[in-house]
Structures are given as C-alpha cells and as structure tokens.
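Student: My questions all concern the structure below.
The values are calculated or read from the model by the stated rules, or taken from the named source; none is laboratory data. Owing to the predicted nature of the structure, the values given are computational and were not obtained by experimental measurement. Counting neighbours? That spans all protein chains shown, and the Cβs are built from the backbone with ideal geometry, glycine included. Only protein heavy atoms, including side chains, enter the accessible area calculation; ligands, DNA and RNA are left aside. Shrake-Rupley method; radii C 1.70, N 1.55, O 1.52, S 1.80 Å.
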Amino acid sequence: MRKGALKKKQRQLEELHLDRREALGELVLGMYVQNNWDDDLLARGSAEVVEVETELNELIAGNEPQGPSATEKDFPVTGEHRLPTAGQDYPATGEYTAEHAVPVTGEHTTEQPLPQPGEHDYPATGEYTAEHSLPESAEHTAEHAVPAEPKLSRAEKKAAKKEQKERERQAKEAAEATAVEPGPETAEAKTVVAEPGQPDTSPPSTAAPTPSATAPTPSATAPTPSAPAPATPAAEPAKPSTPEGQATDRPDAKKPLEVPPPPAAPEPEPTDPLDVLEKQITDSEAKAKTALEAAKASRQADAQTELTAITREVESGRSELDESLKRAAAAIAAAEEKAVQAEARLTRETAAGREAAAEWVRGQAAEIEADAALAAEMSGEQEAKPSTGEPDPVLSARVTSLEAELAAEKAAKEEALTKAAARLQEIEQSAKLAEARVEAAEAAATEAQSKAQAAAAPAADGTGAGEAEAREAAVNWLRGQISALRQEIAKSDESGKQEGSS
Amino acid sequence: MALFSRGGQTGRERRAMQDHLGELDDMRRSNLSDLGQMTVEMAAQGNFNRQRLSEQAAEVVKIDREADLIARGLEEGLTLQELEDLARGGDGSGSPAR
C-alpha cells in the first residue's frame, strides 16, 4: 500500500476510533438516562472500539492489516459513503450518527460550508439543513447538534489555521475591492464560493428555523436516511467546518452578492469536479505531510527523552552496584581483621598459659628435689641411728617434726596439684573458647568472602591448625608433667610411710 | 414562547453564549470519549463498574442540561442575568442546570 494511502487509512482509523468511543459513550449515557444497563451491549460496543484500536495499532506498527478494514464499514476508501444496506456491517452499538449520514430533510445553502466530500456526502440537490451545521444566525438550540469536528492533530490544526488565514486575507481583499458597489446581502457574497458566470441555483439565504428548546435533542441512533449519493458536487467544496472557519465565514456571508471576485485573486476556484478533487487531494497530501513531519519530530523527541532516561537509569544502577561492592569489600576487610585479632589473642593466651604451667612445674620440681634431699638426709640419719643402740630423744623429736613438716608439705603439694589441675582445666577451657572464636571468625570471613564471590586467602586455616597442634602438644606435655609429679608424690608418700612405720 | 424580550440580549452576550455553547460541545465530546474509553477498559477487565460509569454519564448529562439552557437563552434572546435566573430554577419549568 502506498505511503499516502497508509496515512489516509490511519487518519480514517483514528477518526473511526474516536467516533466509536463517542458512540459507546452515548450508549452508556443512554443506559444511564434510562437506568437500564446491558452489560452484553456494553461488551459488544467495547469490542467494536477495541477492534478499531487494534487495527490502528497494527497500522502504526507498520503491519498492513489483513482482510477488510474496519474503516470500510463506515468510511469507504474512496470517500464515498455507502448508504446502509442489509449487507453492510455496522457497529454493534447500532448507532449511526448524523455525521456520516445524509441529512434527512436537509436544505443546504451556500452559506454553510460543506465539509470535505471524503467525510460527508450530501444529496444531489445540494440542500443542507441547519441540523448539521450552525445556521448563519449562529443560533444553536438543543435540537441542533453541533457539527462534529474531526479530531485534528496539532500540525493539522496549524495547517488549517494557516489556510484559514489565507482565505480570510483573500476575502478581505475581495471585500475591499467590492466595497464600492454594495449589493443585496445574500449568501452568494462569499468570495470563496461565488463564481462569476455560474448561476446561483440555491435559494436565498435565510436563517434556519430554530426549533423549540423543549424539542428532544436529535438522537444519534436516529434512522439513517437513504438519500442517494451526490453525482456531482452541489457547491464548491469547502474545508472542514471548524469553529474558526464558521466564525470567519459568517461575516463574509453578509457581503454584497453580485460582486465578482477581484482580479487580483491568486487563482480562481476550479469548477471542474476533477480539478476540485485534485485540489482536495493536494490539500490532503499537504496536511498529511505536515502531520507526518510533526509525528516524526515528536517521535524523535520521545526517543531522545527515552534515551536520556535509560542513560540515567544505567548510571544510577552502576553507582548502586559500586556502592554495594564497596560495602562487601569493607565487610570482608572487617571479618579478616576480626580473624587476625582472634588469632593474636589465642596466641597470647596460649603462650601465657604455657609459661604459667612451666613456671609452676619448675616450682614443683624444685620442691620435689628439696623433698628428695630431705628424705635422703633422713634416711642417712636413720641408718646411722642403730649403731648407737638407743634412740636419741632429740633426734626422735627432730624426726617427728620432720615427719610433720613432710606431711604438711604433702598436703600443700596435693592442694597445689588440685589447683594446678583446676588451672589446667581453665586453660583448656579458654583454649577451647579461643578456638571457637577463631572458628566463628573464620566462618564469618568465609561467608563474607562467598558473598562477594572472592576467594579469601586460606592462611587462617594453616595458622589455626598449627596453633591447635601446639596447644595440643602443650596440653599433653602438661598432663605428662602432672602424672610425673603425682608419681613422685606417691613415691615420696610411700617412702614417708615406710619411714614412719620403720 | 418569548418570556423575555429578545432585545434585552446584547451582541456581546450572544457571542459569549455561542462561544460557551461551543466549549460545552467540545467538553461533551471529550467526556463521551472518556466514557467510552472507560467502558472499553472495564470490558477488558471483564467487570463493568456501574457507579463509575454513572458518575461519568452524570457529568455528560450536566453538560447537556447546560447546553440546553444556553441554547434556550440564544433562542429566546435572554440576557445573562435572565439566563442565570433561569438556571436557578426561576422559571419553574426548566430543569436546573448544573
């Protein structure tokens, strides 16, 4: 399909979409007024709107719609309006507005500008009543529906406004040129319509009859007339009736009738229908081109805005990622520092415990040596004693005191051993706690490392294992020392008993 | 049914009424379009909220009433003051607008 045809079809679809939405709104309004709701009818009307919307979206996306278009049901591509027949399909709402229908009674004078033939058809007589356009007197009653204006884009509105200004300028020039010969005030005075040499067949302009305000407003569901399509344009086609157009055309209608357009007019209006059609096509293409440029500019602006938004989003995401990475690195560093501190504390405690145990063992060894020397001295005295025959009372007292002293020392040693055992248990307990702390610190470090997916240095494991081995060796050594001490104490105890018994 | 003399209405008032009538028509079309769009959205959800539809339809009815009033004012040549009285139900026959 040609690009121009696609644009035209898109415009038709947009108009149809708006029309159907409004028709659906009218349907809802009617249900509200009658307080008679029909969900099925609403769903069908909605489906009609969605159908046009889908087709419009596909067209905008670049997909040519397959099958009969929804516009062909209401708007044929040729611009001719097919009157309703049994074979034609109409919206489910059943509404067929006067916008697309031929007026029923309709008188149409040259005072009222005709819409473009592509949108509306009129009877061949050229009659056009005030029902479908505001009368010249600008009276607008409840019976007269305001002519529906096609929803124009901003670019189209600008183009229409520009064109309107041009027409106003021409009209003003014509009015100035004809101001010398005032004539009767008729509708043919419109410079855009009047043509020299073309007889005026339309009746003189009179204000349209204004119906009573109490009359019911024309229903959009009114039966569609079956007037024939026009064979030839009844009057010179005019632009779509915009409010500005009406406002500017009305004063023109009061200009003198029989005054030809000034010779300085840019170009005469064509009378041949083909020329008229060609001019309309040219105007439509110009409008479409303007709209296309506006749409392109809008799309470009949208794309730039979207690109800027995406760039900002990416930058913010990157900054967030950097911050999270920094936090993870700080957590890893903190965990490693904790592990190092725990290791150092364990080392200090182990060394202190080892030193204390060694000091205590040295003290115990010195005492044991002293005891052994004392025992040897006592045994030497006992060996020397039988030679004298009778026991020396002084020596006996000395032995008794020594025995008492030895017993006291034994008791003190046992007490010290008990304390040493308790101290050893404490050391072991603290070592276990320190080991648990190290393990917890290692676990925290491992967890932090796994979170950041970075491999942590496994130095802590080797250090911990070495420390555990050293600690185990110290404990074993201490246990050996304690058992040796106990054996020595037991030996000295036995020897003391033997001495006591002897 | 000339309750008031047509001569009471000035040209400025008449133009103002015509402009306002055009605005009301634009507003009516816009509201009807919104109402249709709302109905389409409700149909897509499979549930018609009649309260919301009624609220929107009531807006359109208000616009219609006001447009009828303005049209009557134009037809009978009422001044703005007379139209205001009429809107407040002074005539006793018309429905109050807004």
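Student: Could you sort out which of A:Lys158/B:Lys62; A:Lys8/A:Lys172; A:Lys7/A:Lys157; A:Lys9/A:Lys165 sit more than 23 Å apart by Cα distance in this structure?
Tutor: Long pairs (Cα-Cα over 23 Å): A:Lys158/B:Lys62; A:Lys8/A:Lys172; A:Lys9/A:Lys165.
Student: Another one. Under a Cβ-only charge scheme (Lys and Arg +1, Asp and Glu -1), can you give me the dipole magnitude of segment B:10-84 about the Cα centre, in debye to the nearest 20?
Tutor: Once rounded to the nearest 20, the dipole reads 180 debye.
Student: Moving to a separate point now. Go ahead and run the numbers for FRET between A:Ala294 and A:Thr54, Cβ-Cβ distance against an R0 of 35 Å, rounding to 0.05.
Tutor: 0.90
Student: At 0.36 nm per residue, minus the direct Cα-Cα distance, what do A:Gln341 and A:Thr305 gain on full extension? Give it in nm, one decimal, please.
Tutor: 7.6 nm
Student: So how do A:Trp37, A:Trp477, A:Trp360 rank on accessible area, 1.4 Å probe, biggest first, that is with the largest at the start?
Tutor: Largest to smallest exposure gives the sequence A:Trp477, A:Trp360, A:Trp37.
Student: Can you tell me how much longer the chain between A:Ala352 and A:Glu494 gets when fully stretched, taken as 0.36 nm per residue apart minus their C-alpha distance, in nm with one decimal?
Tutor: Between A:Ala352 and A:Glu494, full extension yields an extra 47.6 nm.
Student: Within a 10 angstrom radius of each residue's Cβ in A:27-37, how many Cβ atoms of other chains show up on average? Whole number is fine.
Tutor: Whole-number average of other-chain Cβ neighbours for A:27-37 is 5.
Student: Highest mean first, what order results for A:306-319, A:397-410 on Cβ atoms within 10 Å?
Tutor: By packing density, highest mean first, the sequence is A:397-410, A:306-319.
Student: While we're looking at this one, here's another question. Convert each backbone phi in segment B:50-61 into a coupling constant with the Karplus relation 6.51 cos²θ - 1.76 cosθ + 1.60 (shift: θ = phi - 60°), then list the ³J(HN,Hα) values in order as whole Hz, x for Gly and Pro.
Tutor: 5, 5, 5, 4, 5, 4, 5, 5, 5, 4, 5, 4
Student: For labels at A:Asn63 and A:Ala468 in the simple 7 Å Cα→Cβ model, what's the distance in nm?
Tutor: With each label placed 7 Å out from Cα toward Cβ, I get 6.6 nm.
Student: Give the accessible area for A:Lys7 in Å² (nearest 10); use a 1.4 Å probe, count only protein heavy atoms, and leave out ligands, DNA and RNA.
Tutor: 60 Å²
Student: Moving to a separate point now. Computing the accessible area with a 1.4 Å probe over protein heavy atoms, can you report the carbon and sulfur percentage for segment B:10-84?
Tutor: 44 percent
Student: Using θ = phi - 60° and the Karplus relation 6.51 cos²θ - 1.76 cosθ + 1.60, list the HN-Hα couplings for segment A:336-352 in order, rounded to whole Hz, with x at every Gly or Pro.
Tutor: These are the phi-based 3J(HN,Hα) values: 5, 5, 4, 4, 4, 5, 5, 4, 4, 5, 4, 4, 5, 5, 4, 5, 5 Hz.
Student: Still on this model: How many partner chain Cβ atoms sit within 10 Å of a residue's Cβ in peptide B:36-47, on average, as a whole number?
Tutor: What the average comes to for B:36-47 is 6.
Student: Determine the gain in length on full extension of the stretch A:Glu315-A:Thr446; use 0.36 nm per residue of separation and subtract their C-alpha separation, reporting nm with one decimal.
Tutor: Net length gain for the segment: 44.0 nm.
Student: Given an 8 Å cut-off on Cα distances and at least 6 residues of separation, report the relative contact order of segment B:10-84 as a percent.
Tutor: Value for segment B:10-84: 46 percent.
Student: Given points 7 Å out from each Cα along the Cα-Cβ axis, report the A:Leu325 to A:Leu374 separation in nanometres with one decimal.
Tutor: Simple spin-label model gives 7.5 nm for this pair.
Student: Okay, next question. By accessible area of protein heavy atoms, probe 1.4 Å, what ranking do A:Lys491, A:Lys9 get, highest first?
Tutor: From most accessible down to least: A:Lys491, A:Lys9.
Student: Here's another thing I want to ask about it. Tell me which of B:Val61, B:Gly77, B:Ala87 sits at the most positive position along the dipole axis of segment B:42-93, charges placed on C-beta atoms (Lys, Arg +1; Asp, Glu -1).
Tutor: Positive-end residue among those listed: B:Val61.
Student: What is the ratio of the Cα radius of gyration of segment B:10-84 to 2.2 N^0.38 Å, where N is its residue count, to two decimals?
Tutor: 1.42
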